[in-house]
Amino acid sequence: MPRAGSRTSRKSIYDPVHGTVTLSGAPLALVGEPAFQRLWGIRQTGFAHLVFPGANHTRLEHSLGVYWVARTMAERLDLDADAITTVACGGLLHDLGHPPFSHTFDPTLQEVFGYGHEAISRARILGEEPDAAAIPTTLERFGVDPQRVADLVDPQGRGRNPELLRSMLHGAVDADRIDYLQRDAHYTGVAHGAIDATRLLETTRVYRQRLAFAEKGRSALEGFLVGRSLMYTSVYFHKTVRAAELMAQAAVERMPGYPAAAAPHLRGTDGALLAALASVGGTSGALVQGVLARRLHKRMTGWKPEELGDRSAWTRLLRAPARRRAIEDELARRLKAPAASLLIDLSGLVPRTDPVSDFGTVLLVEDGRPTRPFGRRSSWRSIWARPPQPWAVNLYVAARFRGEARALRRAAARLVEG
């Protein structure tokens, strides 16, 4: 990868998804920052490589891709130079705050810090983290307002950006999703994410300062949303991927001195985190060794939404991770198994706040006027609106205890609902 400090003011990178990606000005200077280079060490799709061996691409590659898509989109909308540079820098820096293994530790971040990776990205863009102190200075050197970039990456109210710019990074169809669907499909070999990005970008429009798409791009939009839904089912919520994610989460949660002891490791890389967990031994070390050797927990049983008794009791566990761990360890004790031999997966209960599920956020226009709302009458609606998995709650158990654990389904429900 080119060094930002060289005399040449423009560099080209060959990307397997977008072809030649060019960097100059602020983006070229930013790629050399330690906070950005850290993204080399973070897999884009967490533990998906344990199922899809080619999925070893990183957050850095994805960030370059989002930069390129956001910049291309802004140029095709004929935005002014300041807006183009701002949204391009936002795309480049939008994932600075991701912990190791990307979204694997989203719930852990909330417990340890009280906020998510977007807030950490904001802090790094504003130079509030030690390894990112030079980022705002670099932006300002090229005439870019760090606060505007931070507001794009982590919107808090209206901020200093119009809705059009915000929606280019935080919309139902945005630069982030246009890149990761193609990139994840390319590296996993799963064809569902092979969207028609060229058509999407060609049909991008502006309507009353909102991001819109020409009516002739309707089929590309339908393919995008359906492809995204199928990728979530096939890749991101694959049962074996979830098993590895749950084991890694459990390893961090059971570190001595957790949660404070976990904080520095969540700001590092995949390899550094695994090494730290292995070194502490105990339950954390055993879980990590299981992941590294691919001795993963197995999905034992699950509850569909209509099968849950007191749904609110299960939902409360999302906000009470310590109680969830206590229930897990009590179930393991009843199995006469080591701690964390049984893990509860609550991902099916997480509220769906993704704008892709809000059909009203996708605006189609023809001859300068909006057409009928996208998706309202579409035959594809039931596919993209469906949840990524049929289960609201799953239980995962160490393989050697799988047979005995089947008897604990009722006990688990009683402990949660009691």
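Only bridges whose two residues both fall in the chain count here: according to DSSP, what percent of them are antiparallel, nearest 5? Can you show the working numbers first?
Details: 22 of 24 bridges.
Expressed as a percentage, antiparallel bridges in the chain total about 90.
Using the Cα atoms of the chain, I'd like the radius of gyration and the largest Cα-Cα distance, Dmax, both in angstrom.
According to the Cα coordinates of the chain, Rg and Dmax are 22.2, 69 Å.
Largest first and in whole Å, what are the equivalent-ellipsoid semi-axes of the stretch 118-163 based on the Cα gyration tensor, each being the root of 5 times an eigenvalue? Present the calculation step by step, with values, prior to reporting the outcome.
On the way: eigenvalues 64, 37, 5 Å².
Calculated on Cα positions only, the semi-axes equal 18, 14, 5 Å.
Just name one of Q182, G97, Y207: the one whose Cα is farthest towards the positive end of the charge dipole of the chain (beta-carbon charges, Lys/Arg +1, Asp/Glu -1).
Most positive-ward Cα: Q182.
Below 9 angstrom from the Cβ of R299, what's the summed charge of the other residues (Lys, Arg +1; Asp, Glu -1)?
Values: positive: K239, R242, K298; negative: D345.
Summing Lys and Arg as +1 and Asp and Glu as -1 gives +2.
Do you know the relative contact order of the chain, to the nearest whole percent, from alpha carbon pairs under 8 angstrom that are 6+ apart? The partial results should precede the final answer.
Details: 683 pairs, mean separation 63.3, N = 418.
Relative contact order here is 15 percent.
Among residues other than A81 whose Cβ falls under 15 Å from its Cβ, what is the net charge (Lys/Arg +1, Asp/Glu -1)? Mind showing how you got there, number by number?
Details: positive: R71, R76, R148; negative: E75, D78, D80, D82, D145.
That works out to -2.
Kirkwood hydrodynamic radius, computed over distinct alpha-carbon pairs, for the stretch 10-197: how many Å, to one decimal?
Numbers: mean 1/r = 0.0603 Å⁻¹.
The Cα-based Kirkwood calculation yields 16.6 Å.
Each reported figure results from applying straightforward, stated rules to the coordinates on display, with no laboratory input. Values in this document were obtained by computation on a predicted structure and should not be read as measured data. Cβ atoms come from the backbone with ideal geometry, glycine included; neighbour counts cover every protein chain shown.
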